[in-house]
Amino acid sequence: MFEWPHTGEDVKLNKKLIFISFLYFAEGFPFGIIGDTLPIYLRIHGMSLASLGLISLLSLPYALKFIWAPAVDFLGSRRKWIISTQFLLSALMLVILAFNPASPDVLLWVCVASLAIMSATQDIAIDSYSIEMLKTSEMGVANGFRQAAYRVAMIVSGGVFVALGGWLGWDIAFIAASVVLAGCALVSLGLPAVEVPRSAFTVASLGAPFKDLFARRNVVQVMLFILFYKLGDMAMGPIVRPFWLERGLSTAEIGLITGTLGVVAAISGGLAGGLFMARFGIFHGLWFFGLCQCVSHLTYALVAAQPLTGHLGVYVASASESFCSGLGTAAFLAFLMSICNREYSASQYALLSALFRSAGIVAGALGGWVTEMVGYAYFFALTFFLPLPAFVFMFKVKTWILEDGSQADSFDGTDPDDVLAKPPQKPKELLIRDAPVFAHPTQNGRSAFARTRKTVESGDYGNRYTPAP
């Protein structure tokens, strides 16, 4: 019989991967309901297109969740936030059935908005819990499983539940969704505790997560890296489906690409990327997979420039781009997780994820206009170049990654190898003096001169100590 461990430190990697898969299924499930199932349900039940257009505003909580993320950092444990939001999401799935979509009132929109806010809050709690549970060396492979579980959840909630609503009725579909989320909450009750020392909450401490992040060395270069790394993927995303239609693909063929071929390729890429990083580390994953992402865009440019490639060319380009995107996403998300201070992981990860998504939204919005000007082939070729500025900052990024299995807490961006490059030397004569020493690494992850110590030639300096001046 399986026994739940008492703390995250007691969990072996294989069990952590099970927890990660479960948590990100739970995270992706309500997102699929809100993004895919809910608009179909509301439209089928008579909601006007004008009202339905307001559904697009439901993406705002996911983009702005860093605003209330400090509450998750300072108030209560991550597990309590996860369990609470899952129970609330389960209840809201039932509450929404009480309203008439054909004549939406304020209460319906409050219910729908509450779904999105609770879903975004669950994202904050799950992301921060995962960061705290995983060692840096485990984040690569964990993000491969994370991607796979999230995509499966999207297929189930955005596809299977739509079909269920058509077969058995929408009441049954939403009740089933409520049962799934309640089941997730019950399972979450058994999640292992992850203990991270936290500062006492004050009003002034609300800004501490962001001060910690932006006080680090090379922060501007790292932020620019985050803005550019996935820019090509996010710019190309909204243009791919119109290209499929223009190339003459049927709706059945598009469904095959989005529902089967693309999903399998992306999941395979994520898992392969995770295994690679488990062996070679996050930094090498960022380099290699980032280049793979860029090159995969050229397959679409080639297919767009050569109509004779036909539908087969589109299939090959889609599989290639999805696989390489899975590789790059696994590395990129592992990087974002690895640079968060565990004390402030909720706020910092929410901010970093919002940063790259905001750049992608702008690029995606301009993509259609650029495509009309230059055509599909040149636009897809342009997306090859969009992420390249990120590689200019790659070695600055390296100083933020701790590849030794420890968490990236608050640090100044100095490469630890530079700090410890010179071994300590013992004094040549018997002498008592004050010698500054390196403190044992603290929860803030700093290598800092912490105290002085009387040393003599016969004393044991150890590897942590610097020579006396």
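The values are calculated or read from the model by the stated rules, or taken from the named source; none is laboratory data. Quick caveat, the model's predicted, so the values are computed rather than measured. Positions of Cβ are backbone-derived with ideal geometry, glycine not excepted, and every protein chain shown enters the neighbour counts.
Examine segment 140-152 for a residue that is of a type in the set (S, T, N, Q) and under 24 Å from ALA91 (Cβ atoms), and state whether such a residue exists. Within segment 140-152 (the criterion being of a type in the set (S, T, N, Q) and under 24 Å from ALA91 (Cβ atoms)), the answer is no, since none of the residues qualifies.
Every condition in (1) part of a helix (DSSP H, G or I); (2) crowded, with 17+ Cβ neighbours inside 10 Å holds for LEU249 except the one numbered (1). For segment 311-325, which residues satisfy the criterion of being surrounded by fewer than 18 Cβ atoms within 10 Å (Cβ to Cβ) and touching a residue at least 24 places away in the same chain (Cβ under 8 Å)? Correct list: HIS311 only.
So that you can scan it fast, the table gives a plain yes or no per residue for (1) touching a residue at least 24 places away in the same chain (Cβ under 8 Å); (2) in the same structural domain as CYS324 (by TED's automatic domain parsing); (3) within 28 Å of LYS80 (Cβ to Cβ); (4) not aliphatic (A, V, I, L, M):
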| position | (1), (2), (3), (4) |
| --- | --- |
| TYR129 | yes, no, yes, yes |
| GLU132 | yes, no, yes, yes |
| LYS135 | yes, no, yes, yes |
| VAL162 | yes, no, no, no |
| ALA182 | yes, no, yes, no |
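Look at (1) farther than 16 Å from ALA185 by Cα; (2) within 28 Å of the chain's Cα centre (by Cα) and you find that PHE99 fails only one, number (2).
Among the residues making up segment 97-117, those that are of a type in the set (A, V, I, L, M) and in contact (Cβ under 8 Å) with a residue 12 or more places away in the chain are LEU97, ALA102, LEU108, VAL112, ALA113, LEU115, ALA116, ILE117. Within segment 117-130, is even one residue modelled with pLDDT of 90 or more, touching a Pro at 6+ places or on another chain (Cβ under 6 Å) and either surrounded by fewer than 16 Cβ atoms within 10 Å (Cβ to Cβ) or among the hydroxyl-bearing types (Ser, Thr, Tyr) (or both)? Yes, segment 117-130 contains a residue that is modelled with pLDDT of 90 or more, touching a Pro at 6+ places or on another chain (Cβ under 6 Å) and either surrounded by fewer than 16 Cβ atoms within 10 Å (Cβ to Cβ) or among the hydroxyl-bearing types (Ser, Thr, Tyr) (or both). Which condition from (1) buried (at least 16 other Cβ atoms within 10 Å of the Cβ); (2) without any contact (Cβ under 8 Å) to a residue 40 or more places away in the chain is the one that LEU186 breaks? The number of the failed condition is (1).
For every residue, the table says whether it meets (1) under 18 Å from the mean Cα position of the chain (by Cα); (2) closer than 18 Å to ASP127 by Cβ.
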{"site": "TYR24", "(1), (2)": "yes, yes"}
{"site": "PRO30", "(1), (2)": "yes, yes"}
{"site": "LEU42", "(1), (2)": "no, no"}
{"site": "SER48", "(1), (2)": "no, no"}
{"site": "LEU58", "(1), (2)": "no, no"}
{"site": "LYS65", "(1), (2)": "yes, yes"}
{"site": "TRP68", "(1), (2)": "yes, yes"}
{"site": "VAL72", "(1), (2)": "yes, yes"}
{"site": "LEU75", "(1), (2)": "no, yes"}
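Just one of the numbered conditions (1) in a loop (DSSP other than H, G, I, E, B); (2) buried (at least 23 other Cβ atoms within 10 Å of the Cβ) is not true of PRO104: (2). Taking LEU64, is it at pLDDT below 90 and either part of a loop (DSSP other than H, G, I, E, B) or under 21 Å from GLY35 (Cβ atoms) (or both)? It is true that LEU64 is at pLDDT below 90 and either part of a loop (DSSP other than H, G, I, E, B) or under 21 Å from GLY35 (Cβ atoms) (or both).
Among the residues of segment 131-179, just one is surrounded by 19 or more Cβ atoms within 10 Å (Cβ to Cβ) and assigned to a loop (DSSP other than H, G, I, E, B), namely LEU134. Of everything in segment 68-83 that's within 28 Å of ALA176 (Cα to Cα), in contact (Cβ under 8 Å) with a residue 40 or more places away in the chain and not aliphatic (A, V, I, L, M), which residue is surrounded by the fewest Cβ atoms within 10 Å (Cβ to Cβ)? Within segment 68-83, the match that is surrounded by the fewest Cβ atoms within 10 Å (Cβ to Cβ) is ARG79. Just so you know, in segment 109-144 the residues that are polar (S, T, N, Q) and under 12 Å from the mean Cα position of the chain (by Cα) include one that is nearest to ALA331 (Cα to Cα), and it is ASN143.
Listed by first and then second residue, the pairs linking a residue in segment 265-279 that is closer than 19 Å to ALA317 by Cβ and of a type in the set (A, V, I, L, M) to a residue that is at pLDDT below 90 and in a helix (DSSP H, G or I), with Cβ atoms under 6 Å apart and 6 or more places separating them unless they lie on different chains, are ALA265/ALA319; ALA265/SER322; ALA266/SER322; ALA266/GLY326; ILE267/ALA148; ILE267/ARG151.
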